[in-house]
Every structure is written in structure tokens, then in C-alpha cells.
Amino acid sequence: MGYRHGNRAMISINGTKYINGGGRGLNIVTLDGSTHKKVFGASYDTYGDGRASGRLASDMHNKSRFPDNCIVIVAAKDEASR
């Protein structure tokens, strides 16, 4: 919905809020594919931080943050097209 429509990112499952408000850009949470418990969560400001895309790519190759069989949930706040 973007900046003019609330400028928020929320990831909530069955009443558990994993991200509430979020940071600008991409907000990502990974859950264990079997237990559905949170493994990792971070925000990547791909608009204001020139290194954010590289950090995201690096994190995606980190098995402790993005393990095999995980569930990946992404919410965009403000701007996510760049």
C-alpha cells in the first residue's frame, strides 16, 4: 500500500506479532517449517542503504537464518521497488 496508506509493515500469525510497524524497505521473518517458530527477522532498507541488498543476499545464503524448509514471510514498508 505504500507510504500514503499507513506506512506500516506487519507480520502477524494467529495473534503472534513478528513485526509490528517495521522498518523502511523489506521486512523479513523466517519460521521453522515444522514448528512454525521464528528463526530470524530483519529489515532491509533497500532505498536508503546501498548495502542492504548485499546484506539480504548474504543472509539468504546463511543456513542459520534461512534454513532449508523454512517459511519466508516478507512485508514491504514505504518503498520496495528499488
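Figure legend. Inter-residue proximity from segment 32-53: first residues on the phi > 0 side of the Ramachandran plot, second residues in a strand (DSSP E or B) and open to solvent by 50 Å² or more (accessible area, probe 1.4 Å), beta-carbon distance below 9 Å, spacing 6+ or different chains. Indicated pairs: HIS36/ILE13; HIS36/ILE71. Counting only residues that are among the β-branched types (Val, Ile, Thr) and touching a strand residue (DSSP E or B) at 6+ places or on another chain (Cβ under 7 Å), how many does segment 11-37 have? Number of matching residues: 5.
Here segment 23-40 is the region considered, the condition is being open to solvent by less than 50 Å² (accessible area, probe 1.4 Å) and among the small types (Gly, Ala, Ser), and the residue that is nearest to ASP78 (Cα to Cα) is GLY25. Is it true that some residue in segment 33-52 is out of contact with any Pro (no Cβ under 8 Å at 6 or more places or on another chain) and in a helix (DSSP H, G or I)? Yes - at least one qualifying residue is present in segment 33-52. Just so you know, in segment 1-17 the residues that are part of a loop (DSSP other than H, G, I, E, B) and of a type in the set (S, T, N, Q) include one that is surrounded by the fewest Cβ atoms within 10 Å (Cβ to Cβ), and it is ASN14. Evaluated against (1) in a strand (DSSP E or B); (2) open to solvent by less than 50 Å² (accessible area, probe 1.4 Å); (3) not aromatic (Phe, Trp, Tyr), ASN20 falls short on exactly one condition, (2). Evaluating ASN62 against the criteria (1) open to solvent by less than 80 Å² (accessible area, probe 1.4 Å); (2) over 12 Å from ALA9 (Cα atoms); (3) of a type in the set (S, T, N, Q); (4) in contact (Cβ under 8 Å) with a residue 12 or more places away in the chain leaves one unmet condition, (4). Summed over segment 25-82, the residues that are touching a helix residue (DSSP H, G or I) at 6+ places or on another chain (Cβ under 6 Å) and either among the acidic types (Asp, Glu) or closer than 19 Å to ASN7 by Cβ (or both) give a count of 4. Within segment 41-59, restricting attention to residues that are open to solvent by 20 Å² or more (accessible area, probe 1.4 Å) and under 9 Å from the mean Cα position of the chain (by Cα), the residue that is farthest from ASP78 (Cα to Cα) is GLY41. Report yes if some residue within segment 62-70 is at pLDDT 90 or above, in contact with a Cys (Cβ under 9 Å, 6 or more places away or on another chain) and not polar (S, T, N, Q); otherwise report no. Within segment 62-70, none of the residues are at pLDDT 90 or above, in contact with a Cys (Cβ under 9 Å, 6 or more places away or on another chain) and not polar (S, T, N, Q).
The values are calculated or read from the model by the stated rules, or taken from the named source; none is laboratory data. The shown structure was predicted, so the numbers you read here are calculated from the model rather than taken from an experiment. In this analysis, Cβ positions are derived from the backbone assuming ideal geometry, glycine residues included, and neighbour counts consider all displayed protein chains. Note: accessible area is taken over every heavy atom of the protein model, side chains too, but ligands, DNA and RNA are not part of it. Shrake-Rupley method; radii C 1.70, N 1.55, O 1.52, S 1.80 Å.
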